[in-house]
Amino acid sequence: MNIASMHDSFKFGMDKLDSLNYPNFLPIEIDLLLNQAQDRFVKQRYSRNNSKKESFEETQKRTEDLKNITINALLTPLPNAIDNIDPNAVFVILPSDHLFIIQERADIVYTDCTGNAVVYTAQVKPTQHSEFTSKILDPFKKPNSTKVFRLMEKGRVELVSDGSVISLYRLRYIKQPVQMDITIPTDCELSAHCHQEIINLAIQI
């Protein structure tokens, strides 16, 4: 349904809930409640923090819930900088609408035993800062030609290789949904079957 229909459904739901005893909400207030509900809905569907304890893609329903805000991005790393954590680290700026990482790979260029340059799509290992030092020094856990480390920083990730050049960061992520606004108008971009659930959440809020 479009944003006007969502407003109407919200008003009807509020009236039905308490026999017309609620005050009239301004359009901007309804937009605010719907957007708060949408944000909560996305976070609940991504995690297990919901009544069915089902996380993202655990069921077909959960996959369908967030498919419209599941995005691919091919990102080029920045050159190694003075503020990188390691000489073999590079920063990658995340998309401004990034919310949750759901899959990632990195293209690395290394020299094989015959001296030829080879491009390999390596696994990206999420790594906590508290365990980085011990892992980077462990010959069995440190980055190699098939895996790189990933640390998180504000607005960007930091990828650490074994010295191989990281040429591309392949990211699939859940994006922040656009904010609904009846004055523009801007509709809810989540799948249509989610709209009534978002309205119900807004009424609860």
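Data for the structure
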quantity	calculated
Cβ-Cβ under 6 Å pairs, at least 6 apart or on other chains, segment 174-198 side more than 15 Å from residue 1 (Cα to Cα) and touching a residue at least 12 places away in the same chain (Cβ under 8 Å), far side charged (D, E, K, R) and outside any strand (DSSP E or B)	175/97; 176/97; 177/189
Any hit, segment 124-136, residues being surrounded by 20 or more Cβ atoms within 10 Å (Cβ to Cβ) and in contact with an Asp or Glu (Cβ under 9 Å, 6 or more places away or on another chain)	yes
Options 83, 112, 107, 97: the member that is open to solvent by 30 Å² or more (accessible area, probe 1.4 Å) and at pLDDT 95 or above	97
Segment 45-62, subset in a helix (DSSP H, G or I) and open to solvent by less than 40 Å² (accessible area, probe 1.4 Å), residue modelled with the lowest pLDDT	62
Pair list, Cβ < 8 Å and 6+ apart or interchain, from segment 135-154 residues that are small (Gly, Ala, Ser) to residues that are part of a helix (DSSP H, G or I) and open to solvent by 80 Å² or more (accessible area, probe 1.4 Å)	none
Leading residue by the ranking (most open to solvent (accessible area, probe 1.4 Å)) among those in segment 183-205 that are among the polar types (S, T, N, Q) and modelled with pLDDT under 95	204
Among (1) more than 30 Å from residue 36 (Cα to Cα); (2) open to solvent by less than 20 Å² (accessible area, probe 1.4 Å), the one test that residue 180 misses	(1)
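The values are calculated or read from the model by the stated rules, or taken from the named source; none is laboratory data. Because the structure is predicted, anything quoted here is derived from the model rather than measured. Reconstructed Cβ throughout: ideal geometry from the backbone, glycine too, with neighbour counts over all protein chains shown. Remember, those area values only see protein heavy atoms, side chains included, never the ligands or the DNA or RNA. Shrake-Rupley method; radii C 1.70, N 1.55, O 1.52, S 1.80 Å.
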